[in-house]
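The values are calculated or read from the model by the stated rules, or taken from the named source; none is laboratory data. Computed from a predicted structure; not experimentally measured. As a convention, Cβ positions derive from the backbone with ideal geometry for all residues, glycine included, and neighbour counts pool all protein chains shown. We work out accessible area using only protein heavy atoms, side chains counted, and drop any ligands, DNA or RNA first. Shrake-Rupley method; radii C 1.70, N 1.55, O 1.52, S 1.80 Å.
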Amino acid sequence: MFTTSVTALLAALPLALGSSGPAPVGIDEKAPVITRDDIVIHASLDQVWRVQTDVENWPAWQPGVSSSVKQTPGRLRPGSSWVWSTEGLENITSTVKQVQPKRRIVWGGPAQGITAVHVWTFTQARDGVHVHTEESWTGDPVAANTVYLQGALDASLENWLNNLKQQAEKRPLKSDQRP
């Protein structure tokens, strides 16, 4: 009972004190396909963030990404979008829904009948940068072939994290290469 009361009090604390921004946007928890995955990257938080958010450079280190072109200039921010192609899905338009620089980014959008929401969280830890990702897929193609698409998303995010780790651990980007 004590733990439940403390948990409830801690959960209500941000409301009592006022929040520093909008409530976090998340995946669709009711989606038929959801994948969550984690990795620790032995690089600076700044480096990991730069690699992940430089969307136009994804094809250089993500073998499954054949193209990625930003539609909005500057750093990624809510409303920023890019058009990209990956794993046979062509001309996906992803739009940033929420961003907390070097901590969290959420994007999503439709692709050939699939609506995706993708959340990335970056946390500096003693052993490196802990990267947590979760993604949900909904839509008629997902409902029609849930088992296959669950496996595809699981493999995709595992590969993405491993490629991100490999790229971020290579060497720091120069300061003039910031996305």
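Tabulated values for the structure
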| read-out | value |
| --- | --- |
| Lysines with Cα under 21 Å of LYS30, excluding same-chain neighbours fewer than 8 positions away | LYS97 |
| Stretch gain in nm, segment GLU158-GLU90, where the contour uses 0.36 nm per residue and the Cα spacing is subtracted | 22.4 nm |
| Contact order normalised by residue count of the range 25-179, Cα under 8 Å, 6+ apart, percent | 32 percent |
| The range 24-171 - Rg and Dmax from Cα coordinates, angstrom | 14.5, 43 |
| Dipole of the range 26-179 [Lys/Arg +1, Asp/Glu -1 at C-beta], most positive-end residue of ILE27, THR123, GLN166 | THR123 |
| Gained length - HIS42 relative to ASP28, 0.36 nm times residue gap less alpha-carbon distance | 2.0 nm |
| Integer Hz, Karplus 6.51/-1.76/1.60 couplings in order for the range 121-128, x for Gly and Pro | 10, 10, 10, 5, 10, 4, 8, x |
| Per residue accessible area of the range 69-179, 1.4 Å probe, in Å² | 54 Å² |
| Cross-link reach list, aspartates and glutamates versus LYS165, counting only Cα pairs under 19 Å and skipping chain neighbours closer than eight places | ASP37, ASP38, ASP46, ASP54, GLU56, ASP127, GLU134, GLU135, ASP154 |
